[in-house]
Structures are given as C-alpha cells and as structure tokens.
Amino acid sequence: MAECLGVYVLIVSSGSNKVHQDSLKTVCFCFGSVNKKMKFIKKKTQVITSQERNGQYLSINLGFALGVTFGVFVSRGVSGAHLNPAVTLSLCSLGRCRWIKLPFYAFFQVLGAFLAAATVALQYYDAIQMYSGGQLTVTGPTSTAGIFSTYPADYLSVWGGVIDQVIGTAALLLCILALGDQSNTFIPDHFQPLLAGASVLVIGVSMGSNSGYALNPARDFGPRVFTYIAGWGEDVFRAGGGWWWVPIVAPCIGALLGTLVYELLVEVHHPSQMSDDQNLSSTCSTNSPILRLA
C-alpha cells in the first residue's frame, strides 16, 4: 500500500502543482510527458501557446523530478520506495528483494498510477472538456490522451522506441544503484531522494523528446488503462502502431541491462569487506540504503 501511495504522490504532485487553470496544455506536467499528443516535440505547445506564462521545457521535467522525490519521501520507510516495477525487478535479480513480492509491488504501483490519473482527470475535467470540445481523442489537433500516458513522436518507430526506453531506463538504474551504493560514495540518507529526483530530471532533459521518457511500466500503464475506461477507448492501445507495450517491456529490459552494467563495472570491484553488509540483504527491507532510495 505504501508503494501505491508513493506512486500516487509521484504522479499527482508532479502534475497538479504545475497546471495553470487557464491552459490545458500544462496539464501534461502531471506525467512529464513530452510527446506528439500534446504537440510538444514539433511546436512546444505548452510554452508557445501560453507565451511562456505556464512554464517551459525545463519546468515540465522539474515537475516530474520533484514528484519522484516526494514519492520516495512518502513511501521509503515502509516499502523502500521502488515506485517502479522495473526497479523492483532489478532488485529481485540482485537478491535484494524476494521474487514473491514482485507481483504485489507491481500491482500496487499500477494501482497508484491509475488512481492518480483518475484524480487529475477529475480535478481538470472542465479544462479537458473545454480544450477537446467534449471529444476524448487519442490523435488529432485536440487529442488529450497524451496528458496521461506516453506516445511516440511522429518520426519514431516502435523498435526505435524500444531502444529509447531501454537506454533511458538503463541510465536510471545506473543512477539509482550508484546513489544507493554506500561502498562507492557515501551519501547522507536525507539527500538520496533529492538525488533520485535529480537523476530523473537529467534523463528527462536529455532523453525526453522521443517519447516522453516513461521509464516506468506502472506510470504509463495505469493511466493508460484509466483512459481506456474513462472514454478514450481502444485507440489508447492502437495509437503509435500499437505503442502501448513498449513502455511496459522496454523499461524492464533496460533496468536489467543497467543493473548488469553497474554490477560488472562497479559493484564487483568493491573490496569484499566493504560490501559484505549489503550482500546479506535478501528482502525488501529498508535496512539496505539502496532500498530506501530505489
């Protein structure tokens, strides 16, 4: 349940505090989405149409990064604040979380994202209706599905999107593992959530233009299911050449790849006496510094 609340806070806080009541365009701060559905890649709609009154490219990424930070602060004392099924999968592969917990973590992470999407849709119902003319569409000049989930840019192929998400999530796990590795560089416990958010900010600024850097199956799939139920229909699964599975599968591959790279190039080279304590951890308990962050 802590994971559910943590993901909920991640998504709602990274959006609602950035949405200006006079412009629907800034609603997509809620998921840090930088994608064609809001025409940000081609025209930077959020900035241009509001004449920069409602934020700029950097502020979108800041909103998502701060959402991650507060989500970690909320839930890390109970669940370790994974907030991402790909992170949980990686920790299971390292033996730092029991495999039996993986489906429960993933379920509540998706549930938290679903509930957050429902909250944002309720809070900005009037804005969505006004902007879309009452037509909830996935594509077109007044499409609004991209507020909730990521979709690829016009130029991006499905397999190009897979590569994009694998690289982005691998980078995320490299950062997370490094920040939680006390044998590498000691980071005070209270700074870890801030730096976790900073790592998301860096990835968003540098890798966000292709498809909105989902990096998190729960953060994309939960809201996508909500849009399917709430009236956007089957197009949420058909758009982008059947894009919907990419933000689910590719981040998991990328997370495992990033974990493997960090283990081979950094972790195994620590003096054994410095890493013995970490190797003893076999559950999702918060006794391990990395699990308080991941």
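The values are calculated or read from the model by the stated rules, or taken from the named source; none is laboratory data. Predicted model, so just to flag it, every value in this text is computed and none were measured. With ideal geometry, Cβ positions are generated from the backbone for all residues, glycine too; neighbour counts draw on all protein chains shown. In case anyone asks, the SASA skips ligands and DNA or RNA and just uses the protein heavy atoms, side chains included. Shrake-Rupley method; radii C 1.70, N 1.55, O 1.52, S 1.80 Å.
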Subset of the range 59-103, residues assigned to a helix (DSSP H, G or I), open to solvent by less than 10 Å² (accessible area, probe 1.4 Å) and among the aliphatic types (A, V, I, L, M), comes to 60, 65, 72, 86, 87, 91
What are the pairs with Cβ atoms under 6 angstrom where one residue, in the range 191-218, is assigned to a helix (DSSP H, G or I) and the other, located anywhere, is among the polar types (S, T, N, Q)? Sequence gap at least six, or different chains. 193/69; 194/69; 197/69; 201/61; 204/61; 205/61; 218/109
If you go through the range 195-214 one residue at a time, do you hit one that is of a type in the set (S, T, N, Q), at pLDDT 90 or above and open to solvent by less than 20 Å² (accessible area, probe 1.4 Å)? yes
If we keep just the residues of the range 147-163 that are over 14 Å from the mean Cα position of the chain (by Cα) and buried (at least 22 other Cβ atoms within 10 Å of the Cβ), which is farthest from residue 246 (Cα to Cα)? 156
Run residue 115 past the list (1) under 17 Å from the mean Cα position of the chain (by Cα); (2) closer than 18 Å to residue 87 by Cβ; (3) open to solvent by 40 Å² or more (accessible area, probe 1.4 Å) and report the number of the one that doesn't hold. (2)
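Could you pull out the residue among 47, 68, 74 that is closer than 19 Å to residue 175 by Cβ and modelled with pLDDT under 90? Explain how you work it out, then say what you get.
On the way: 47 fails: closer than 19 Å to residue 175 by Cβ; 74 fails: closer than 19 Å to residue 175 by Cβ.
Among 47, 68, 74, only 68 is closer than 19 Å to residue 175 by Cβ and modelled with pLDDT under 90.
Restrict the check to the range 253-262 and report whether at least one residue is touching a helix residue (DSSP H, G or I) at 6+ places or on another chain (Cβ under 8 Å), of a type in the set (Gly, Ala, Ser), within 24 Å of residue 111 (Cα to Cα) and crowded, with 22+ Cβ neighbours inside 10 Å.
Going residue by residue through the range 253-262, those that are touching a helix residue (DSSP H, G or I) at 6+ places or on another chain (Cβ under 8 Å) are 253-259, 261-262.
Then keep just the ones that are of a type in the set (Gly, Ala, Ser); that gives 254-255, 258.
Next, from what is left, pick out any that are within 24 Å of residue 111 (Cα to Cα): 254-255.
Next cut, crowded, with 22+ Cβ neighbours inside 10 Å only: 254-255.
Looking through the range 253-262, at least one residue is touching a helix residue (DSSP H, G or I) at 6+ places or on another chain (Cβ under 8 Å), of a type in the set (Gly, Ala, Ser), within 24 Å of residue 111 (Cα to Cα) and crowded, with 22+ Cβ neighbours inside 10 Å.
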Of the listed residues (106, 121, 127), the one being at pLDDT 90 or above, open to solvent by less than 40 Å² (accessible area, probe 1.4 Å) and not in a loop (DSSP other than H, G, I, E, B) is 106
